[in-house]
Amino acid sequence: MNLIKSTFGALAGVSLFCVTAEAEIVAKAVRGDVSKPQPAAAYWANAPVEKVSLIAQPMAIPRPAVALTPELRVQAVHDAKWLAVRLTWKDPEYSEAGHLGEFSDAVAMQFPVKSNESPPPIFMGAKDNPVHIFHWRAQYQRDQEKGKPEMTDLYPNLSVDMYPMEFKDPGTLGTSANSGREQFSPGRAEGNPQSYQKNGVDEIVAEGFSTSSVQEGHGSAASGTWAAGEWSVVIVRELNREGGSVLTVGGKTFMGFAVWQGGASEVGSRKCVTMAWTPVTLEGAQAAAR
Amino acid sequence: MSKVKNWHLGREMEYPYEESRPKKQWAIVFDLNKCIACQTCSLACKTTWTSGKGQEYMFWNNVETKPYGAYPLAWDVRVLEKLGQQSWAGGKYAGKTIFEAAEPSERAVHFAPTDQDWMYPNLGEDDCAGTVTNAGDHIGELPHDRWFFYLPRTCAHCTYPACLAACPRKAIYKREEDGIVLIDQSRCKGYGECVRACPYKKSMYNPYTRTSEKCVGCYPAVEQGLQPQCVVNCIGKIRVMGFINPPWNARADNPIDYLVHKKQIALPYYPQLGLEPNIYYIPPIHADRQYLHQMFGPQVDGAIERYRALSKDPVAAGLLTLIGSSERILHSFKVEKGVARGFAEDGSPIVDVPVTEPVIVRDAFDEKLGTARYNTP
Ligand code: SF4
Ligand code: SF4
Ligand code: SF4
């Protein structure tokens, strides 16, 4: 308890209870289609770059000892249907996890769900006041590009006699062999989304720490590139996401961010986060026509 | 942090959650003087639980040769090194537990194993401590100056699990009905915090399902009144599973309570880490005492002494014959008229075993069958 109190105390001076940060993101209205994630598209050249400050996640234990990613650069554009956000940060090594004890580079952005004027607590929302999170991982992107890795993709020299219910010819068992096989992969048998093929980005709704649940069948997409010690990741989402956050052209909302450096074993609550919501304005439609 | 009672330490300690003891607590007692490292237990668990993808390297039950064997590599040395030198004072633990010694940003003092650390589950097998200098060297004194022993290990379904404490998603829970600690496979996100935090390294990451997995205490068997696979398949009959009470509720007719509390011959391993682990060991009487002190704490001398005197105690001798005599969980036992009797939870009898097997003398040649008899035990 003392620990939590002192954490609060230390943070009170930093902006824990502020709603907004200094930066302000303006999502440029662009003509054409931004629904495909394109880190190198021409429209990024005209989108203003906002620098957002992050600190080592301070609330939930375990937390990182140092802020590995103190700064995230954010750009946004929209085409009146889709919002595209380009996130850029420094990370000295590319990490996509896979082996035991390895973790993936990742980034997340979140939006308020209930109100675009007064957002919930920035730490992943609160009960009955959820946040809508878009979580990209290099690992999820690898899934999308090359398929979910088999054990022999991760460990090419692995040798196994046979796995249960895995037959070259299932014979009379037919497709029932498939469901039988799942029983030997507990995460899959329980329908855990973590255990299935990912498509670059997860959409998540959370009502506070340790409450997040992955949403099925979403329309968002993401694509990232890592070069010379820097990640550049584009996440695209529909403005109007039923059951999630709803953005309007010409309107305002807020965004929060988190970054994980997998190479430094950052995962879960070991992450850098924004401590305040960053205001976002979606430029009016007439601007695109100018 | 809450103050909780840890009777292994003889004191209260700090833990992130309140003390909440289950109605019953799953426990195994192992007699390390008898284990032969046949690994039947490891394979019984493996074939039952971990034959799927991503589980190739997993041994929820493993048997390692002490002092050099360890799965994962050097887990014990690395945890103890991280914790630093600590001490006992008069039966009470005067040092810090892994929870108490943790940085404010962490739940527990820990190290994170890499894949290489898991890949040699039986490295160090039969390597003995001390050097054999001459060919044909024999062991001349007690305790032996050259020694090793086998240490079979499962998850300890700790009273204060570090795996549970470290999970930021609260995907790990301890069952109220039997104290078994489980990872919810539908909620786990594979952060691996449990893998880092468990000092015994009994939580393992499955890279195929991307969730962490661990020994499930064979809960489906336990729910039916049966002992776990690794216990009932033990060739050496060195282990028994049952339910342990804390010392203030101990019952002398409960097999586990009898061995741990009444006779005080079975001890928790590395109790100083602070988890109140629920696997208990009868220490190997011929191994190095200093090493045993480090592993089992200051009670080890008394435990060995009492174990040596056991053969003179008909009740204890009776209980030892019951171990491995039934696959059902013995909730209570009784030794009367040279017979050891085990009972189920409702008091109904499960098994009767003669404490001393009767000696039967038969002729070397069987007249009726017209054949010679061989001794095939
Ligand atoms: S089956 Fe029993 S004797 Fe064999 S290694 Fe396991 S615990 Fe030891
Ligand atoms: S031994 Fe490890 S995995 Fe098992 S309950 Fe204790 S802390 Fe958790
Ligand atoms: S109790 Fe069951 S799951 Fe745990 S190690 Fe033994 S056989 Fe494996």
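The table that follows gives values for the structure above.
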{"read-out": "Percentage of interatomic Cα-Cα distances in chain B larger than 37 Å", "value": "21 percent"}
{"read-out": "Bridge type composition, the protein assembly as shown - antiparallel percent by DSSP, nearest 5", "value": "90 percent"}
{"read-out": "Furthest towards positive pole of dipole, B:GLY347, B:LEU322, B:VAL359, structure part segment B:311-377, Cβ charges", "value": "B:VAL359"}
{"read-out": "For segment A:179-288, the spread of Cα positions along each principal axis, largest first, Å", "value": "57, 36, 28"}
{"read-out": "Separation between Cα centres of segment A:157-187 and segment B:321-361, rounded to whole Å", "value": "42 Å"}
{"read-out": "Orientation-averaged projected area, Cα convex hull of segment B:157-216 (nm²)", "value": "3.7 nm²"}
{"read-out": "For chain A, diffusion coefficient by Stokes-Einstein and Kirkwood Rh (Cα), 20 °C, 1.002 mPa s, µm²/s", "value": "105 µm²/s"}
{"read-out": "For A:TRP231, B:TRP147, A:TRP44, order by how many other beta-carbon atoms lie within 10 Å, fewest first", "value": "B:TRP147, A:TRP44, A:TRP231"}
{"read-out": "Cross-link partners of A:LYS271 among lysines (Cα-Cα below 23 Å; sequence separation of 8 or more within a chain)", "value": "A:LYS5, A:LYS51, A:LYS90, A:LYS127, A:LYS198, B:LYS170, B:LYS189"}
{"read-out": "Within straight-line cross-link reach of B:LYS237, lysines at Cα separation under 27 Å, skipping those fewer than 8 residues along the same chain", "value": "B:LYS24, B:LYS34, B:LYS46, B:LYS66, B:LYS201, B:LYS202, B:LYS214, B:LYS262, B:LYS263, B:LYS312, B:LYS334, B:LYS337"}
{"read-out": "Ranked by how many other beta carbons lie within 10 Å on average, peptides A:47-57, B:302-312 from highest", "value": "A:47-57, B:302-312"}
{"read-out": "For the protein assembly as shown: rounded, prolate or oblate by the Cα gyration tensor [a/c cutoff 1.5]", "value": "prolate"}
{"read-out": "Part-to-part distance (alpha-carbon centres) for segment B:49-77 and segment B:80-105, which is given in Å", "value": "25 Å"}
{"read-out": "J(HN,Hα) series, segment A:68-85, from Karplus relation 6.51 cos²θ - 1.76 cosθ + 1.60, nearest Hz, glycine and proline x", "value": "6, 10, x, 9, 10, 9, 10, 10, 9, 9, 9, 10, 6, 10, 10, 10, 10, 10"}
{"read-out": "Amide H contacts under 5 Å for B:CYS215, placed H, 5+ residues apart", "value": "B:CYS155"}
{"read-out": "Percent breakdown of C-alpha pair distances by 10 Å bin, ordered from the shortest bin, for segment A:149-196", "value": "23, 45, 32, 1"}
{"read-out": "Dmax and Rg, reported as Rg then Dmax, of segment B:199-304 (C-alpha, Å)", "value": "15.8, 47"}
{"read-out": "Positive dipole terminus of the protein assembly as shown, leading residue within A:GLN197, B:LEU292, B:GLY302 (C-beta point charges)", "value": "B:GLY302"}
{"read-out": "Cα pair distances of segment B:311-377 binned at 10 Å [whole percent]", "value": "19, 36, 20, 19, 6"}
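Each reported figure results from applying straightforward, stated rules to the coordinates on display, with no laboratory input. Here the structure is a predicted model, which means the values were calculated and not measured. When we count neighbours, we look across all protein chains shown, and the Cβ atoms used for this are built from the backbone with ideal geometry, even at glycine.
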